[in-house]
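**Student:** Please find one structure pasted underneath; my questions will follow.
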Amino acid sequence: MSDLVTQTLRIVHAPDESNPFIILVKPSGIPSAPLSASDTTSALSIAATLYPEIKTVKNHYKDIEYGLLHRIDTATEGLLLIATTQQAYQQLLQSQAKGRFIKEYTATCTKIFEQSDGFEGFDEEGLALRRTFEHTGAVSIQSFFRPYGKGRKQVRPVPIQTSRKMKHKDVSQKLYTTQIRLLSDSDHQMHVVCTLTEGYRHQVRTHLAWMRLPISGDPLYNPYTSDTGEPAPFLFKATGLTFEHPLTGEKLSYHL
């Protein structure tokens, strides 16, 4: 294994003829996928130096993403899945379309008071979801999404009723769901686990911020810094993948 790979990625599952896929851990600070064909810094590009068969897979959405089945944000550490054959890629896409590809994230969230500043563009429905979550310890959040802010670097959830009043071009075509479950609670923080089957950009981060539970250290959605005034660590990880084996259909689960 090359020094570049061992220093940057941790391979959890290496591909072979019977298991044509890779599971790896991407560290925080590098993108999941390349921005151009010459980009060598992404997790996918680095993995392809070790497993060149990655580049034989044609991605349905972007050619340079090959067999990458999902992406996580650059700032997020966690598990990625990459198919190494076209057949495996096709089967995993079908599994995803049927809701059988489950992604799990864990987060430590800052508990924000309802009237706090810094949550422009988030409507009041998120506060109702927060009250439900505090009462039951679990909530299912559904919304469409729209770009938000300068440079459209952020997104905002759009409730089902609101989406009917907005311009079609500004709102995502699909409805996205995040299941959130409480793991532990303290005076100032909540530790949660979130699952979804199909994701939108910043989906989990935005749904949590909508409830005034932004992830600790989130540079986009948490306006509060640590007590020292320095940026807090970003406490968000992609910790689980559950999917059907692309050849046998067996249910597989990987967790950090």
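**Student:** If His191 satisfies all but one of (1) part of a strand (DSSP E or B); (2) open to solvent by 20 Å² or more (accessible area, probe 1.4 Å); (3) farther than 18 Å from Gly240 by Cα; (4) not polar (S, T, N, Q), what's the number of the condition it fails?
**Tutor:** (3)
**Student:** Of the residues Tyr221, Tyr254, only one is of a type in the set (Ser, Thr, Tyr) and in a loop (DSSP other than H, G, I, E, B); which? Break it down stepwise before answering.
**Tutor:** Numbers: Tyr254 fails: in a loop (DSSP other than H, G, I, E, B).
The match here is Tyr221.
**Student:** Please go through region 16-31 and give me each residue that is of a type outside the set (A, V, I, L, M, F, W, C) and either out of contact with any Asp or Glu (no Cβ under 7 Å at 6 or more places or on another chain) or more than 15 Å from Leu79 (Cβ to Cβ) (or both), ordered by number.
**Tutor:** From region 16-31, those of a type outside the set (A, V, I, L, M, F, W, C) are 16-20, 26-29, 31; that's our starting set.
Scanning region 16-31 gives Asp16, Glu17, Ser18, Asn19, Pro20, Gly29, Pro31.
**Student:** So, in region 174-193, exactly how many residues are polar (S, T, N, Q) and more than 19 Å from the chain's Cα centre (by Cα)? Reasoning before the result, please.
**Tutor:** Kept after step one, since they are polar (S, T, N, Q), are these residues of region 174-193: 177-179, 184, 186, 189.
Going one step further and asking which of them are more than 19 Å from the chain's Cα centre (by Cα), we end up with 184, 186, 189.
Result for region 174-193: 3.
**Student:** If we keep just the residues of region 236-251 that are in a strand (DSSP E or B) and open to solvent by 30 Å² or more (accessible area, probe 1.4 Å), which is farthest from Lys98 (Cα to Cα)? Step through it out loud before you land on a result.
**Tutor:** The first filter runs over region 236-251 and keeps only residues in a strand (DSSP E or B), leaving 236-244, 251.
Checking which are open to solvent by 30 Å² or more (accessible area, probe 1.4 Å) leaves us with 237, 244, 251.
Values: Lys237: 25, Glu244: 11, Lys251: 14 Å.
Applying the filter and picking the extreme gives Lys237.
**Student:** If you scan region 138-158, which residues turn out to be open to solvent by 20 Å² or more (accessible area, probe 1.4 Å), in contact with a strand residue (DSSP E or B) (Cβ under 7 Å, 6 or more places away or on another chain) and not hydroxyl-bearing (Ser, Thr, Tyr)? Quick ask: steps written out before the conclusion?
**Tutor:** Within region 138-158, the subset open to solvent by 20 Å² or more (accessible area, probe 1.4 Å) is 138, 140, 142, 144, 146-154.
If we keep only those that are in contact with a strand residue (DSSP E or B) (Cβ under 7 Å, 6 or more places away or on another chain) too, we end up with 138, 140, 142, 144, 146-148, 154.
The answer is Ala138, Gln142, Phe144, Arg146, Pro147, Gln154.
**Student:** Here's a check for you: in region 52-97, which residue that is farther than 21 Å from Val25 by Cβ and aliphatic (A, V, I, L, M) is modelled with the lowest pLDDT?
**Tutor:** Among them, the one singled out is Ala97.
**Student:** Continuing with the same structure: Scan region 17-47 residue by residue and report those that are open to solvent by 50 Å² or more (accessible area, probe 1.4 Å) and either free of Cβ contacts under 8 Å to residues at least 24 places away in the same chain or closer than 13 Å to Arg71 by Cα (or both).
**Tutor:** Glu17, Ser28, Leu35, Ser38, Thr40, Thr41
**Student:** Hey, Ser116 hits all of (1) assigned to a loop (DSSP other than H, G, I, E, B); (2) open to solvent by 80 Å² or more (accessible area, probe 1.4 Å); (3) within 21 Å of His191 (Cβ to Cβ) but one; which does it fall short on?
**Tutor:** Only one criterion in (1) assigned to a loop (DSSP other than H, G, I, E, B); (2) open to solvent by 80 Å² or more (accessible area, probe 1.4 Å); (3) within 21 Å of His191 (Cβ to Cβ) is unmet by Ser116, namely (2).
**Student:** Another one. Is there a residue in region 177-184 that is small (Gly, Ala, Ser), surrounded by 24 or more Cβ atoms within 10 Å (Cβ to Cβ), within 18 Å of Val139 (Cα to Cα) and out of contact with any Leu (no Cβ under 6 Å at 6 or more places or on another chain)? Explain how you work it out, then say what you get.
**Tutor:** Here is the first cut: in region 177-184, the residues small (Gly, Ala, Ser) are 184.
Retained after the next criterion (residues that are surrounded by 24 or more Cβ atoms within 10 Å (Cβ to Cβ)): none.
Checked region 177-184: no residue is small (Gly, Ala, Ser), surrounded by 24 or more Cβ atoms within 10 Å (Cβ to Cβ), within 18 Å of Val139 (Cα to Cα) and out of contact with any Leu (no Cβ under 6 Å at 6 or more places or on another chain).
The values are calculated or read from the model by the stated rules, or taken from the named source; none is laboratory data. Keep in mind the model is a prediction, meaning the values are calculated, not measured. We place every Cβ from the backbone using ideal geometry, glycine too, and count neighbours over all the protein chains shown. Quick note on the areas: whole protein, heavy atoms, side chains included, nothing else; ligands and nucleic acids left out. Shrake-Rupley method; radii C 1.70, N 1.55, O 1.52, S 1.80 Å.
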